[in-house]
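Engineer: Just dropping this structure here.
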Amino acid sequence: MQQQILILTIVVMTLVAYPFWRVVRTSQHAPQPPSPAGRIERMRTALLASLAVTGLVVAVATLRPWPHDAHAAPGAQIVRAVGYQWYWELDTEEVTAGRPVVFEVASADVNHGFGVYDPSGTILFQTQVMPGYVNKVKHTFTEPGTYRVLCLEYCGTAHHDMIGEFKVVAAR
Amino acid sequence: MTQYMPVAQKTSANITAIRLTMLLGAVVFLLLMLFGIVMRAAQGQIINLEPTVFYQLMTAHGAGMVGAAALTGSAIMWYFLGRYVQLSALAYNVFLGLFLVGVVLVLGAVFVGGFAGAWTFLYPLPALSGGSWEVGAATTFVLGLVAIGVAYLIFYLETGRAMIAAYGGLGRALAWPLVFTGKMDNVPPPAVIASASVTVFNTVGIVVGAAVLVVTLINLYVPSFAIDPLLAKNFIYFFGHVFINASIYMAVIAVYEILPLYTGRKWKSSRLFAIAWSAILLMATSVYPHHMMQDVAMPGWLLVMGQLVSFGNSLPLLGVTAFSMLAYLHRSGIKWDLASALLVIGVLGWSLGAVPAIIDGTISVNRVMHNTLWVPGHFHTYLLLGEVAMSLGFMAWLTKGDRESAFAPAEKAAITAYVAGTLGFTFMFLISGATSIPRRWAIHFPEWHLQDRIATAFAALLIAAFFTLITFYVVRLLRPARA
């Protein structure tokens, strides 16, 4: 997913940069009266409308289903995790692939970030962790392997040492 | 409809103070860029750096860059607003003095006291350092931010007072009669409309920031005086978002005021322009939940609002400021020079940086990008190629002699190197974010080092170019001031 986001970003940035390049390239031409206001405003209206419509379509497409749904369906595995300066405590070392896992994450001190990385080092999902709250995040693992939990919220001078680990095993 | 008759056609800005402020801002930018390259070099294991020192540098870099961006943006706003309203030079000097007191306190807290709680000082981290710093260091840091906040409050109270005196109310300075009825006598110029919007939303931001700073301060000495960490986080990100974005919204006033001198086409306070700045006022104060999209305890509607307003932010930027600038530039016969080129690059860089920011403002994208290096990727783009470029453009114009119109090869080379260095540096952040590398990590895994080293090389290029650009400014400072 991240690579697709990067490519999309580069494409859109190029689209944004293109009119700048076009206009700057011809900007030194002999001064001419500005284009008719009506034509410019029609172009502007088209731009604003296309931005608004794109935004609404993307919003609807990405908010349904709700990305933070953490409802524990029947058969879900529950993993409780607590963040400390500077380590993680998980109440299990192993979960099963193919069945939803709901992580219930709390903090014993300051804000932390619970970021779960797959065996190749790609982040799969995350949630913020803070004292006084139990934050829930749901994910269904598909591949067995050793997964790491990296802290993704700055929590003090050994923040980078805050790495946990658990295994995902194949369903029997 | 009368097209913006200046109420007070005078230069009440203290020109020497403005020129020195820009110099101060540039020197701080340079120093903190050096901190930045040291951090990237340390992540790539080019140099060895104790993690404690890394996080101190990170704290100073973050707080200082926000302060320097706000400082240069403020000087630009003050300078141009002073063309239309009567501002108090005393207020500016008090603002600058208090700001410097704040900077000294922040630097002392970090480099003497060892405070390394990041510029976001997320409650309750200042009080729970894990043994890394004492309460005194955290107190000094918080007091430093309070001093800077009070400085800005004085700044905005004065700009607000002056606009009310000149236009009869902030609503009129925002051109609300034009917004709501389509008609208005004595329409304020773009500089005033933008200043009015920033004055209102940044005052709100500073007051919210002051509230959480005071609570943090009390909590350092009375731990039982606790607040909800989620509420504190809301306050901090509300304040932080508003404050850093205000720096760009202030700097863009230079584009509105200076570019027409090159194109011969006056930037108009159209109804759409006025609507855009009222929309910016609303969006600047409602978009902050996009910083908290992984705080699943937040009410869902706030997170949805954060996503929608993030998307909406593109409308006034791309559809009004960037589009209008290109329309004014189109076949205008402009003669490019250092100032005009940097100002246009400023709007381009702001627009480009907004793209990865808006994409990251999508909750499902944010789930895998939040707090990775993707985030510094987008904000370094719109700050380095946006706010800093606009500030450099203003500085070039401020010290430009009347007979100078040529675009010297050395200036072109410096701009090219600055843009190339910045794009390379920020794209490495984006690529690193897309490969899941977390931000704010002092020690990187070996497989991340290559990206860190390439980023360090680009950082060296952009710093060399920035140094060259501010050298041009210093050399020109010896020439007579622009009236």
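Engineer: Find the all-direction average of the projected area of the Cα convex hull for chain A, expressing the result in square nanometres with one decimal place.
Structural biologist: Values: hull surface 60.7 nm².
Seen from a random direction, the Cα hull of chain A projects 15.2 nm² on average.
Engineer: Which percent, nearest 5, of DSSP beta bridges in region A:77-169 are antiparallel?
Structural biologist: Values: 26 of 36 bridges.
Of those bridges, close to 70 percent are antiparallel.
Engineer: So, one more: Hey, got a sec? Which GluC sites (Glu not before Pro) in region A:1-104 land in a DSSP loop and have at most 15 other Cβ atoms within 10 Å?
Structural biologist: Those satisfying the criteria are A:Glu93.
Engineer: Now for a separate question. One quarter of the convex hull surface, Cα atoms only: what value does that give for region A:77-169 in nm²? Kindly include the intermediate steps, with their values, before the conclusion.
Structural biologist: Values: hull surface 19.8 nm².
Projected area, direction-averaged: 5.0 nm².
Engineer: What nm value, rounded to one decimal, do you get for the distance between A:Asp161 and B:Ala408 when each label is placed 7 Å out toward the C-beta?
Structural biologist: In this crude label model, A:Asp161 to B:Ala408 measures out at 5.2 nm.
Engineer: Rounded, prolate or oblate for region A:2-63? Axes are the square roots of the Cα gyration tensor eigenvalues, ordered a ≥ b ≥ c, and the cut-off for rounded is a/c under 1.5. Write down the numbers at each step before the final one.
Structural biologist: On the way: a/c = 7.89, a/b = 1.64, b/c = 4.82.
Oblate.
Engineer: If you look for lysine pairs in the protein assembly as shown that are eight or more places apart or on different chains, how many of them have Cα atoms under 26 Å apart?
Structural biologist: Step by step, the pairs that qualify in the protein assembly as shown add up to 16.
Engineer: Once you have a ≥ b ≥ c as the square roots of the Cα gyration tensor eigenvalues for region A:128-172, tell me rounded if a/c is under 1.5, and otherwise prolate or oblate according to whether a/b is larger than b/c. Could you put the intermediate results ahead of the total?
Structural biologist: On the way: a/c = 3.66, a/b = 1.66, b/c = 2.21.
Verdict is oblate for region A:128-172.
Engineer: Among DSSP bridges having both ends in the protein assembly as shown, what percentage is antiparallel? Round to the nearest 5.
Structural biologist: Working: 27 of 37 bridges.
Antiparallel bridges make up about 75 percent of those DSSP assigns within the protein assembly as shown.
Engineer: Quick one: what do you get for chain B if you divide its Cα Rg by 2.2 N^0.38 Å? Don't skip to the end; give the middle numbers.
Structural biologist: Working: Rg = 21.7 Å, N = 483, 2.2 N^0.38 = 23.0 Å.
It is 0.94.
Engineer: Relative contact order, percent, of region B:196-315 when contacts are C-alpha pairs under 8 Å separated by at least 6 residues? Provide the component values of the computation, followed by the final result.
Structural biologist: On the way: 85 pairs, mean separation 34.7, N = 120.
Worked out over region B:196-315, it gives 29 percent.
Engineer: Could you please state, rounded to a whole Å, how far the C-alpha centre of region B:430-473 is from the C-alpha centre of region B:33-66?
Structural biologist: When both Cα centres are located, 11 Å separates them.
Every number here is computed from the coordinates shown, using simple stated rules; none is lab data. Every value quoted in this text rests on a predicted model; they were computed, and no experiment measured them. Heads up, the Cβs are rebuilt from the backbone with ideal geometry, glycines too, and the neighbour counts pull from every protein chain shown.
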